[in-house]
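K.L.:
Please see the structure below; I have some questions.
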Amino acid sequence: MKKVLQITLSALLLVTLTFESCDKIAKNVVKPLTYSWTGASMEVMIPPATDTANVQIAGVYNIDSLIKSQSSLAQFSDLTSVKVTNITLTLNNADAQNNFANFQYVLASFNSDAGTFPAYGLAVIQDNPDAFASTLSLPPTDPTQNVKQYFAPKTNIVYLLVGKLRRPTTHNLDCTITVTYDIGLF
């Protein structure tokens, strides 16, 4: 009886060590994946301004929409990192008097209702050229920064744009905000 117990315990120990080793091997063999994803787009309206004050616009994006749109993200727990790699603003109805030349600087930030984190400064252009442009690409402040803590199931990301006008605008500007992320998965 004692030998049977010893053999059983030895076999159990061997099986346990084998499965532990398999997990370690799997973690070392399966490399994390990173997907570049451009899909967090939203439409906002920039109202006309009669002076050169700051213009402030907010847009909300639902995280569940992001997860559902990506078949590679089977579960939210698959997410290991989220990094912002680009922010592009496109004026869909720009004209000669109302375009990005009207803006001296533009600041983009975001926050979420996933926790009590401070707003994260995504990008800034401090001296925007005074030349016609219907598209403005904002290079991220830190493209290596992992902002995963802002992402959680059933939360909303709030993008905030602030611009200082160099001259007034005369009509509503329909703006598309497109954010590109590198999403890390295990």
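K.L.:
Using amide H atoms built in the peptide plane, which far-off residues or other-chain residues are under 5 Å from THR169 H to H?
P.N.:
HN-HN under 5 Å from THR169: ALA49.
K.L.:
Would you mind computing, in nm to one decimal, how far apart the modelled labels at VAL158 and THR144 are, each placed 7 Å from Cα along Cα→Cβ?
P.N.:
Using points 7 Å along Cα→Cβ, the separation is 3.1 nm.
K.L.:
What is the gain in length, in nm to one decimal, between ASP113 and GLN97 on full extension, counting 0.36 nm per residue of separation less the C-alpha to C-alpha distance?
P.N.:
2.0 nm
K.L.:
Classify the stretch 31-185 as rounded, prolate or oblate, taking a ≥ b ≥ c as the square roots of the eigenvalues of its Cα gyration tensor: rounded when a/c is under 1.5, otherwise prolate if a/b is larger than b/c and oblate if not.
P.N.:
Cα axes put the stretch 31-185 in the prolate bin.
K.L.:
Now a separate question. Once you place label points 7 Å from the Cα toward the Cβ at VAL60 and SER77, how far apart are they in nm?
P.N.:
Rounded to a tenth, the inter-label distance reads 2.9 nm.
K.L.:
Check PHE103: other-chain or 5+ apart residues with amide H under 5 Å from its amide H, H built from backbone geometry?
P.N.:
Those qualifying (amide H under 5 Å, at least 5 residues apart or on another chain) are ARG166.
K.L.:
5 Å is the cut-off here: which amide hydrogens, built 1.01 Å from N in the peptide plane, fall below it relative to LEU138, excluding neighbours closer than 5 in sequence?
P.N.:
Distant-sequence amide H within range of LEU138: ILE87, THR88, LEU89.
K.L.:
Something else: Let me know the charge dipole size of the stretch 31-185 about its Cα centre in debye, to the nearest 20, where only the beta-carbon of Lys, Arg (+1) and Asp, Glu (-1) is charged.
P.N.:
In total the dipole reaches around 260 debye.
Where a number appears in this text, it was derived from the coordinates with a stated rule and is not lab data. No experiment lies behind these values; they were computed from the predicted model shown. Cβ coordinates were reconstructed from backbone atoms using ideal geometry, including for glycine residues, and neighbour counts include every protein chain displayed.
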